[in-house]
């Protein structure tokens, strides 16, 4: 017997969810239950992948239907989401808001209710745990692109969320940095929902969802979905499918 959406409290549930911008449909009729530990999201540019993550994170509210995270509405239960959902954006400079590493890491902890001294102690422990104690007094501008990306991941991990949403986390990183980030992510106990253009990054995932035009085109085991997606992208490439103008 299925559990009504309003009573489903374990994981992420979307029921007929959609998102519009100025009357244009970006996401449509998404009905999904996301409970696996590793979930990949693939699709072409403009397919709605980033909007999907923003919808799940509660950064935007659904225009239609319902989105629940552990039985709560992420767009309205913002404080409750601090310990449930973390999001790592593609560009760290769109995420970092404070001038120093310590301030950046302490901000979320203060939002969770820690006082200044408690947050400072937690930051010291977090940096030590990840072998980056020497970052504590650094200005964010002293960090490389890859280091700033890792700082954003540390800020997410400091909140101890149950699920981490990752929007093209390897974009703009050189290969050694990609490899380090891949190892770090693989070791995390949290549920990961990863957007990527690189099917190899999600080859071992429990589940892959292929979005197209804001809808689910395919959803299932990683192997078959990735194979079909790769074949379709090759077909579109051969057909010069990006030459048509969109009005």
GNM on the chain, C-alpha springs below 10 Å: top fluctuator among 206, 167, 228? 228
Using only the alpha-carbon atoms, how far is helix 116-129 inclined from the longest principal axis of the chain? Give it as 0 to 90 degrees, nearest 10. 70
Sequence of 98, 229 once ranked by neighbouring C-beta atoms within 10 Å, starting from the fewest: 98, 229
So, R0 is 35 Å and r is the distance between the beta-carbons of residue 200 and residue 21; what FRET efficiency does that work out to, to 0.05? 0.65
Just to be sure I understand: with springs between alpha-carbon atoms less than 10 Å apart, which residue in 99, 74, 62 has the highest mean-square fluctuation in the Gaussian network model of the chain? 99
For the chain, longest principal axis from Cα atoms; helix 101-111 axis from its Cα atoms; angle between them, nearest 10 degrees, is 70
Find how much the distance from residue 239 to residue 110 grows on full extension, using 0.36 nm per residue of separation minus their present alpha carbon separation; answer in nm with one decimal. 41.2 nm
Apply 1/(1 + (r/R0)^6) to the Cβ-Cβ distance of residue 121 and residue 218, taking R0 = 41 Å, and write down the FRET efficiency to the nearest 0.05. 0.30
What is the extension gain from residue 188 to residue 230, computed as 0.36 nm multiplied by their sequence separation minus the C-alpha to C-alpha distance, in nm to one decimal? 12.4 nm
Global form of the stretch 49-91, assessed from the alpha-carbon gyration tensor, a/c cut-off 1.5: oblate
The chain: most fluctuating residue of 187, 17, 106 per GNM, C-alpha cutoff 10 Å: 187
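Since every read-out is calculated from the coordinates, none of them should be taken as a lab result. This is a predicted model, so every value here is computed, not measured. Neighbour counts are summed over all protein chains in view; Cβ atoms, including those assigned to glycine, are modelled from backbone coordinates with ideal geometry.
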